[in-house]
Each structure stands twice: as structure tokens, then as C-alpha cells.
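Trainee: This is the structure I have questions about; it appears just below.
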Amino acid sequence: MDSPSSQESVGFDYLFKLLLIGDSGVGKSSLLLSFTSDSFQDLSPTIGVDFKVKYADIGGKKLKLAIWDTAGQERFRTLTSSYYRGAQGIIMVYDVTRRETFTNLSDIWAKEIDLYSTNQDCIKMLVGNKVDKESERVVMKKEGINFAREYGCLFIECSAKTRLNVQQCFEELVLKILDTPSLLAEGSKVLKKNIFKQKPPQPDTSSSSCC
Amino acid sequence: MLRGKLKLPEKARRAFPDRLGSIVAGFNEKDEENRGLNHGFELGEELETFQPNGFGLDRELDDYKVEDEKSDGELGFRAPQKPDRDGADSVSFSDVFAADEKRSDLEYEFSQKEINLEKLQRVASSGLPDGGGLRATAWKVIISSSFAHLQLLLGYLPASRDLWEKELIENQSKYAKLKEELLLSPSQFSKREDEPLRSNKQYAGSDADGQLARHDVSTDDHPLCLGQASVWHQYFQFTEILEQIDRDLLRTHPDMKFFSSNSSLSRKNREAMRNILLLFAKLNPVIRYVQGMNEVLAPLYYVFSTDADEKNAANAEADSFACFVRLLSDSVDHFCEQLDNSSVGIHSTLSRLLGLLKANDEELWRHLELTNKVNPQFYAFRWITLLLTQEFDLHSILRIWDCLLSNPFGVQEMLLRVCCAMLLCVKTNLLSGDFVDNLKLLQHYPKINIEHLLQVAQDISPDTSSFCLSP
């Protein structure tokens, strides 16, 4: 009763929680829609939080991705802070045609992650969206790369509209998560249960049998 | 009168400066302040958008006013069709007859010297006719009256219908003045006051050219002034907000050309809504603009600006502003981060929703709260702060709002009932689903028979316990 999705765990190897953050209007929801349903459409602004699930085969594993799409405006930040908890991957999105959405990454969003992310090993990914508007671009790719280096995150430029690099964006992130043992452990329900089994309630292991 | 029964929410008094209250005393009559709004729109250009709503070329009756008797008799009202590309509820003949009857009821009511508010509320709660201008008038009357406590407090007493016109004109000029005072850039404003042109030419888009003489440069305030008291500093603070508003307006009901297309009409609509939202932000410096306010404004502006009476429609901006302010007076605290955890904040309201659910269906409450742990913040936060405007198509939203606005116990009370009813109506699905299923279902609420939903909402019993969850 306490593990409602236990039946489903048969259908996938790992469950990962991903989070999308970034300024309002950079295209977080569009990116997610582009990834989960291969479509692009005009969307209403996200209020509070939106949630989508995507099943995917990546790196030879069957994955269930629970993706939380947050609202960008400041007012919603205290509400969204709780969504950082337990996320294995965080995608920071900016709009390559709006400089302030890029500068806010270091001014605001990186700090939010430090503040709220409970997961030390959590994989971060920087995404420059809207590269379809190349003529309006104001943030150069090089700047994105530099930022990513400085903050130790993955980096990709993409377009939710043309779907350029959208799949790759999520795949890269997930592959990196799969490469990280601690995150892998978290993502595996089966493993989790084993961990509990391996740690029996009686704490006295003084009778250490070494067989 | 019913007015006496209405509770005065404590928070309404606090949240609104006197100054604001005083300018939203009534609604407006005359067209005004379309300055800068006209993009060369010609009537008929946007027929596609309007026609489904029984509006468009049928603007024969120009002189419909609130006090005119039976004036919109043939106002092009047709079977309640859906506005642009929405909902699926089909309309039966009996619905049409009922709507016809309702229409004459309303026309009669609006012809009376003293409007019977209780009756109007009763009719409205069962759904107002689409098209024509009856919904627009009814909403204005209901909103004016339902939030009468505000005006009462501020010395404004909406009396009989005869006094309305005066109130309207007064209010309209107040709105125009407010716009002039708050929406013009400081240079535009100072020019209007007939002061000699000072240094601010570039922001006014003015025609001044050449160099500034030394003596022309202001010593006290200028566009680069960083002081908090600088009017320029204050002015620029809002450019960011304005950009946010513009971005959101483009994304308001993105499937409806009325709001989000590139046509001149659509641009005119956005311009008007932008003025309203910006004005609200300036008058409420603590809250300013919060995403989602655009969604709350949209139904009001849509209904008022598609009023078949041209005069009314032309005045939609001022009317919408007045009603928007009142509507938010009830719930503006939900938009305020600082109040999130206070007794008037969103968490407290979410707890009330849970209380209501528990009182009406403990099994479902248990399932959502204890078994699946679907925090209402994940879904009902949006339901409540946006008055359900992102959960349904516009046609359904208007119907639901008829019900919300006309509820004698207040919008918020009815809203919680409808939210609770939304949970009850998908109970079977919820009970058979896990956390993910439940969340997906509630964040993307399925198409539903709205009349049924509202009936369930009406039948909900109040939460009598003092049940309250800590946020």
C-alpha cells in the first residue's frame, strides 16, 4: 500500500527523477513536450509545477523518467524548492536570444540548486534553447560551454521547436546518471529493497561472521 | 438585500490601498482611453474569432445600456455555441429553449429600477447565455454587488440602477486619470503637465532633437537616477514586469486567436490587458504582477469586449480593470509569496480544500493524502490561484465562472466546492491509480460534463470540523 508504483517496477529497470528549472519563457515546458510527445505547440505559462512521465530505453536500460517542470517566475520559487529533493538530474534552461535568462543561471538558479538539491552527485545539465532563432541569438555557444565548465555540468544547445538535440539532451543526462553509481542505486527500486534487506533492524553486528 | 449577508474578508481591506478601492467603485460606460491602442483594426477583420460566439456583424443595436428596456432583444444570440475551438459539450434543443427563457428573464431583470440581486445570482448560477451582452452585464452587476463590502467600506454605495450611469462615468474618468498618472513615462507625464521639455526625450519617443543646453538638464531627477525616490527609477523597475506581462499575454489561451494571434484585434486585446495588469502591478507594489493573473483577467476581458453593445465593448478595458481588481480582492493573497504560510495564504486554502474533501469523501481523502501522498500543492495550487482558468476551455470556464461569481457565499467558497467536486467526479480513476496516475489526471483534468460537475459542487456539504493541516 505504501509503494503504489511497485507493480510498475516490473516494467522498467530504473526510475529517475528529473527537474527542469530556469527563467520564465525560456521554453522548459516546450522542451519537455518536445521530448515526451515529439510535438511542439504554444503553451500557457506554467503555474506552480507540471509533471510528466516518459518511458525510454537509454543505454540498454528500460527507464521510467519522472520529470518535474517548474514555473520560472520568482513567486513560485519557494513552492518549487521542494521539487529539488531527490532529483537525480537537473536541467537548467536558458533562452539563447535573451541574455538575462543566461545571467540569471549564475545569479539565481545555480544558487537554488545549492540551496535545495539534496543530492550531492546530482547531474546538472545546461541547455541553451531556441537555437532555431539563430538571427536573434545573443548568447554565444562558447559562453554556454564556459559556464558549464565552471559549474561542472553537461551542456547542449537545442530547439524545442525544431526538436534539434532534444532527445540528445535528455539522453546525455540520463547516460551520465547511469554512469554514476550512487544515482543508479537511488534509481533502482529493486536495489533499494535489497539495501533495506541487507540492513536488518538489529544493529548489533558484533558477532561478525566472516563467511 | 443580500449584500448584508456577505462577509467582509479581513484580507480585502488590508490588501488594497484606499486609493485603489476608490477608483474601482463601479464600471464604466463610455469609451475612452483607446489612445495608442488602435492598430488600424477594422470591424469584421476577425470574424472567425467572434462569430462562433454569436457576435460579429450582429452589432445592430448600438444603444443597449444597462438601463434600457429589452434593448438587446435580437442581439444575435444563437444557440449557445462554443467560442473558438473549444469544448465538446453538445447543445440540445431543450437547452436552447431554456437559454431563451433565461435571456428574457435577464432582460426583464435588467429593465427594473432596482435589480433583484438574489434573483440575478440564481439565474446566473444556472449558466448565463453566451453571445449578446447579457453575461457581460450580469457579471458586472454581480461583481459590483458581490464585492460591495469594499465600496461600502470606502464610502461608495451602489444604489439603484438610476445612479449607475453617473457612477460609471465617474469611474471611467478615474480609470483614465489613473492610466495617465501611472502608465505614462515620466517625460510623457511632465509634458502633459505643460512643463517645458526637459531631458527625457528619448523615452517618450518624442521629437526633440539636438543637444541639451546645460540649463535644460534637470538637477533633481533623470532617467539614470538610481535613487529609490526617482520617478525614473520606479518607471524602469516596471519594464521587467512589463516584459513578463507581454510574454504571458502572448501565451494566454494560445489556442484562441482572440488573445494570441498576430492580428490587429488580438494585439489591441493584449494591449488593453497589458494596461490592466500593469496598472494593477503598480497599485499593488507588494504583489505586483504574478504569472497567472493574465489567466484570471482573460475571461473578464473576453466577456466584456465581446459584448454585442459596441459602447460597452469599447469600454471593456476600464470595466475589466474594475472587475479584475474586485475579483482579486478576494484572493490576491494566494499570489503573495510572503503570505504563503499565513492563515490567508495558499497553503491554508489548500488545507481547507482537503478538509472539504475529507468531510465529503473520507475514502478519497485517505487515498490521496495518506496512500498516494498527492500533495494538493501539485494540482490545486493552480486550480485555486487561477480560478480554474487553466483547467478547461474558455467556454467551460465562462460557465463555471457564472457559478463562482453568483454564489452568495462568495467566489472562494464556491471555488473550493468546485475543486472538491472535481476530485469527486474522477474518484474511480483516482482510487485505481498510483501517485503518477493521480498527478497526471489532476494536472490534466479530463473533459467532463460541466453541468454535472457544478451540480456535484452545489451538493457538497460544508466542512464543519476544524480540520486543518499544517502546510
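Trainee: Filter the range B:238-283 down to the residues that are among the charged types (D, E, K, R) and within 11 Å of chain A (Cβ to nearest Cβ), then identify the one that is farthest from B:Pro299 (Cα to Cα).
Mentor: Step one: list which residues in the range B:238-283 are among the charged types (D, E, K, R), which gives B:240, B:243, B:246-248, B:251, B:255, B:257, B:267-268, B:270-271, B:274, B:282.
Those left that are additionally within 11 Å of chain A (Cβ to nearest Cβ): B:240, B:243, B:246-248, B:251, B:255.
Working: B:Glu240: 25, B:Glu243: 22, B:Asp246: 17, B:Arg247: 18, B:Asp248: 15, B:Arg251: 14, B:Asp255: 14 Å.
So, considering only residues that are among the charged types (D, E, K, R) and within 11 Å of chain A (Cβ to nearest Cβ), the one farthest from B:Pro299 (Cα to Cα) is B:Glu240.
Trainee: Next question. Can you find, within the range A:73-87, the residue that is nearest to the other protein chains (Cβ to nearest Cβ) among those that are modelled with pLDDT of 85 or more and part of a helix (DSSP H, G or I)? If you could, list the steps in order and put the result at the bottom.
Mentor: In the first step, residues of the range A:73-87 are kept if they are modelled with pLDDT of 85 or more; the result is A:73-77, A:83-87.
After this cut, where a residue has to be part of a helix (DSSP H, G or I) as well, the list is A:74-77, A:83-84.
On the way: A:Glu74: 8, A:Arg75: 5, A:Phe76: 8, A:Arg77: 8, A:Tyr83: 9, A:Tyr84: 14 Å.
Once the filter is applied, the top-ranked residue is A:Arg75.
Trainee: Assess whether B:Leu357 counts as being open to solvent by less than 10 Å² (accessible area, probe 1.4 Å), touching a residue at least 24 places away in the same chain (Cβ under 8 Å), aliphatic (A, V, I, L, M) and more than 24 Å from B:Ile276 (Cβ to Cβ). Step through it out loud before you land on a result.
Mentor: On the way: open to solvent by less than 10 Å² (accessible area, probe 1.4 Å): yes; touching a residue at least 24 places away in the same chain (Cβ under 8 Å): yes; aliphatic (A, V, I, L, M): yes; more than 24 Å from B:Ile276 (Cβ to Cβ): yes.
In short, yes.
Trainee: Moving on to the next point. Restricted to the range B:329-349, and to residues that are hydrophobic (A, V, I, L, M, F, W, C) and within 14 Å of another protein chain (Cβ to nearest Cβ), which residue is nearest to B:Glu167 (Cα to Cα)? It would help to see each step written out before you state the result.
Mentor: The initial filter retains those residues of the range B:329-349 that are hydrophobic (A, V, I, L, M, F, W, C), namely B:332, B:335-336, B:339, B:344, B:346.
Still in the list and also within 14 Å of another protein chain (Cβ to nearest Cβ): B:332, B:335-336, B:339, B:346.
Values: B:Val332: 25, B:Phe335: 30, B:Cys336: 31, B:Leu339: 34, B:Ile346: 34 Å.
Per the stated criteria, the residue is B:Val332.
Trainee: Right, B:Val296: open to solvent by 10 Å² or more (accessible area, probe 1.4 Å) and of a type outside the set (S, T, N, Q) or not? Spell out the reasoning first.
Mentor: Details: open to solvent by 10 Å² or more (accessible area, probe 1.4 Å): no; of a type outside the set (S, T, N, Q): yes.
No, not satisfied.
Trainee: Scanning the range B:356-410 for residues that are touching a Gly at 6+ places or on another chain (Cβ under 9 Å) and among the hydroxyl-bearing types (Ser, Thr, Tyr), which turns out farthest from the other protein chains (Cβ to nearest Cβ)?
Mentor: B:Ser396
Trainee: Check every one of the helices (runs of 4 or more DSSP H) wholly within the range A:90-177 and list those with 3 or more residues that are more than 30 Å from A:Ser188 (Cα to Cα) and out of contact with any strand residue (DSSP E or B) (no Cβ under 7 Å at 6 or more places or on another chain). Steps first, please.
Mentor: Working: elements: A:99-104, A:110-116, A:141-151.
Hits in the range A:90-177: A:99-104, A:141-151.
Trainee: Considering only residues of the range A:30-45 that are surrounded by fewer than 24 Cβ atoms within 10 Å (Cβ to Cβ) and hydroxyl-bearing (Ser, Thr, Tyr), which is farthest from B:Phe378 (Cα to Cα)?
Mentor: A:Ser39
One line per residue, one yes/no per condition, for (1) open to solvent by 30 Å² or more (accessible area, probe 1.4 Å); (2) at positive phi:
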residue	(1), (2)
A:Lys64	no, no
A:Phe76	no, no
A:Ser82	yes, no
A:Ile90	no, no
A:Asn104	yes, no
A:Glu112	no, no
A:Leu126	no, no
A:Lys130	yes, yes
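Trainee: Still on this model: So, of the residues in the range A:27-51 that are hydrophobic (A, V, I, L, M, F, W, C) and more than 15 Å from the chain's Cα centre (by Cα), which turns out to be nearest to the other protein chains (Cβ to nearest Cβ)? Let's see the steps before the verdict.
Mentor: Restricting attention to the range A:27-51, the residues satisfying the condition of being hydrophobic (A, V, I, L, M, F, W, C) are A:31-33, A:35, A:40, A:43, A:47, A:49, A:51.
After this cut, where a residue has to be more than 15 Å from the chain's Cα centre (by Cα) as well, the list is A:40, A:43, A:47.
On the way: A:Phe40: 12, A:Leu43: 6, A:Ile47: 5 Å.
Among those residues, the one meeting the criterion is A:Ile47.
Trainee: Okay, moving on. Can you tell me which residue in the range B:430-455 is farthest from the other protein chains (Cβ to nearest Cβ), limited to those that are over 19 Å from B:Phe392 (Cα atoms) and free of Cβ contacts under 8 Å to residues at least 40 places away in the same chain?
Mentor: Here the residue is B:Ser432.
Trainee: If you scan the range B:93-127, which residues turn out to be in a loop (DSSP other than H, G, I, E, B) and open to solvent by 10 Å² or more (accessible area, probe 1.4 Å)?
Mentor: Hits for the range B:93-127 are B:Gln112, B:Lys113, B:Glu114, B:Ile115, B:Asn116, B:Ser126.
Trainee: In the range B:334-352, how many residues are of a type in the set (Val, Ile, Thr) and in a helix (DSSP H, G or I)?
Mentor: Here is the first cut: in the range B:334-352, the ones of a type in the set (Val, Ile, Thr) are B:344, B:346, B:349.
Imposing the further condition that a residue be in a helix (DSSP H, G or I) reduces the set to B:346, B:349.
Going through the range B:334-352 one residue at a time, the tally reaches 2.
The values are calculated or read from the model by the stated rules, or taken from the named source; none is laboratory data. Nothing here was measured: the structure is a model prediction, and the numbers come from that model. Please note: Cβ atoms are built from the backbone with ideal geometry, for glycine as well, and neighbour counts cover all protein chains shown. Surface accessibility is based on the protein's heavy atoms, side chains included, excluding ligands, DNA and RNA. Shrake-Rupley method; radii C 1.70, N 1.55, O 1.52, S 1.80 Å.
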